[in-house]
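The values are calculated or read from the model by the stated rules, or taken from the named source; none is laboratory data. On a predicted model such as this, the values are computed, not experimentally measured, just so you know. Reconstructed Cβ throughout: ideal geometry from the backbone, glycine too, with neighbour counts over all protein chains shown. Ligands, DNA and RNA are excluded from the accessible area calculation, which covers all protein heavy atoms including side chains. Shrake-Rupley method; radii C 1.70, N 1.55, O 1.52, S 1.80 Å.
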Amino acid sequence: MLRGTGHGGGDARRRALEHRRSARRRLPGWIWWLLGIFLLVGLMLFVLHHNQKEQFRPPVVDNGSEIEEVPHEKVNFTEELLSSTSFARQLADQMTLAKAYVILTKEHGNLQLAWELSSQIRNCQRLLSEGAVSGRAITRDDAHPIISRFARLIYKAQDAHYDISTTIVTLKSHALALEERAKAAIVQSAEFGQLAAESFPKSLHCLTVKLTEEWLRNPKHRSRSEEQQNSTRSVDNNLYHFCIFSDNVLATSVVVNSTVSNANHPQQLVFHVVTDRIHFGAMSTWFLINDFKGCTVEVRCIDEFSWLNVSSSPLVRQLSEVETQGYYHSAGSKNPEREIKFHNPKFVSLLNHLRFYIPQILPNLEKVVFLDDDVVVQKDLTQLFSIELHGNVIGAVETCLESFHRYHKYLNFSHPTISSKIDPHTCGWAFGMNIFDLIAWRKANTTSLYHYWQEQNSDLLLWRTGTLPAGLLTFYGLMEPLDRRWHVLGLGYDVDIDDRLIESAAVVHYNGNMKPWLKLAIRRYKYIWERYVNFSHPNVRECMLH
């Protein structure tokens, strides 16, 4: 019983031991399996790392093998040309000097040397162009051949006495000669331009001649002209009165025609035209044979004004003096510094100065609008007569948008007579379209002020000439500013006037030398004037080419 029991216990211990031994034998297998996996992954990582190191390893350059070109970083070629140490700068400087010698060698007839220099200039330009395109700095090896050839050619040119000092002297003499020629050309151009402005076109002269012939042939014109002068309408202050002083028939016609064409009631308009003896017949005939929408046009001759004589007018007295006549009417001037335009006799013509005698010419009128013969009216001007002048004599558009249109531009303020009485910064204004209160004029005795200033300027030291400086002094403190749109100036010299300003203007003024009836007129503005010319009239059609 005991043995059996013992035997059974021994078997149990042997089976337990075998079970434990069997478990120890399977454990190393799993470990080796895991170790194998780790070893495999490590081997793969090692191989991959080795290949990457081989791929990014910098190439080893062997002295005997061909060098592989590595891309260069692009340079700023402009900076290269500005750098004093770069070869590009040296090439550019050499090329500039060579170009100067090309000109000198050609002037001296050495065409072979000029050709050689030009050839090297082209080579230099080609090299600089390649460097600019590629963005690569020019090296010493690139530049040395061209710089060496340039040096030999420039030395050759200097050896032929084309040196810098000779070049400077030659160029200076050329510059002085060109400067003198330019000054002469400017003076000549101004003289020719002034002659063209002063000239009377052949077509206008033809019209004047034909109208004068008709005036002389037809005595009815003379009798009708007298009736016009004696008309009660010419002294009726309930009508709207305008005055024009001119010797240009066609220009005066445009002023009248444009005024009545834009008036709401043209029959209420009266024009007082004053001209000289030569053009009186033609002017009278034109306004007698043409109807301007029922308005009244009174034509008078300046010779009728017996009160305008040497004793009453300083201007008439000055014009009778020999020195004054020589200054304005001579072909040349003793003082070349004076502007050519101020030698135009029109600036001192009596017709041009009649504006200072309007109360004497029209003694029965209270208000009048003065119009130059180089204006075109685009709006109804009768509204001017209702503008309040606040006791002033004249209404005018100011021109001092820029500083040079103030009084100091027109008058000599170094003279004590001017500087002691006038403010140099006073705003200037324009003649050409002005409303005059003749009652205030007579009250201020304004014509006597004009005479005073003309006497003071007998030696032409206060102002050169013209009516505007005299007007600025005469009406100093007596001017009422008008809206700028009443009067737009500059169509006779300024080509850049805003179209909107012209369209809004009541009156446009062709002040300047480029009058609309001349060939040198500014074409851009000429149509405004031509729309009021009756080109279908027989006399106009016969004399003028449109």
task: Determine whether region 511-522 contains at least one residue that is touching an Asp or Glu at 6+ places or on another chain (Cβ under 6 Å), surrounded by fewer than 18 Cβ atoms within 10 Å (Cβ to Cβ), in contact (Cβ under 8 Å) with a residue 40 or more places away in the chain and not aromatic (Phe, Trp, Tyr).
output: no
Residue 494 vs (1) open to solvent by 50 Å² or more (accessible area, probe 1.4 Å); (2) assigned to a loop (DSSP other than H, G, I, E, B); (3) in contact (Cβ under 8 Å) with a residue 60 or more places away in the chain: all pass except (3)
Going through (1) modelled with pLDDT under 95; (2) open to solvent by 30 Å² or more (accessible area, probe 1.4 Å) one by one, residue 257 fails only at (1)
Within region 379-393, the residues that are among the small types (Gly, Ala, Ser) and more than 23 Å from residue 508 (Cα to Cα) are 391
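Take the residues in region 108-126 that are hydrophobic (A, V, I, L, M, F, W, C) and more than 43 Å from the chain's Cα centre (by Cα), then tell me which one is surrounded by the most Cβ atoms within 10 Å (Cβ to Cβ).
Ranking the qualifying residues of region 108-126, first place goes to 113.
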Within region 243-276, the residues that are of a type in the set (A, V, I, L, M, F, W, C) and over 17 Å from residue 374 (Cβ atoms) are 260, 263, 269, 270
Here the qualifying pairs (Cβ atoms under 8 Å; residues six or more apart or on different chains; first in region 80-101 and outside any helix (DSSP H, G or I); second basic (Lys, Arg) and surrounded by fewer than 21 Cβ atoms within 10 Å (Cβ to Cβ)) come out as 83/89
The number of residues in region 497-522 that are in a loop (DSSP other than H, G, I, E, B) and farther than 18 Å from residue 201 by Cβ is 5
Over region 433-460, the set of residues among the hydroxyl-bearing types (Ser, Thr, Tyr) and out of contact with any helix residue (DSSP H, G or I) (no Cβ under 8 Å at 6 or more places or on another chain) is 448, 452
When region 466-486 is checked residue by residue, the ones that are open to solvent by 10 Å² or more (accessible area, probe 1.4 Å) and either part of a strand (DSSP E or B) or under 20 Å from residue 349 (Cβ atoms) (or both) are 467, 468, 469, 479, 480, 481
(request) Might you check whether a residue that is open to solvent by less than 10 Å² (accessible area, probe 1.4 Å), over 16 Å from residue 314 (Cβ atoms) and either touching a residue at least 40 places away in the same chain (Cβ under 8 Å) or among the β-branched types (Val, Ile, Thr) (or both) occurs anywhere in region 442-463? (result) no
Of the residues in region 523-546 that are assigned to a loop (DSSP other than H, G, I, E, B) and within 21 Å of residue 260 (Cβ to Cβ), the one that is most open to solvent (accessible area, probe 1.4 Å) is 531
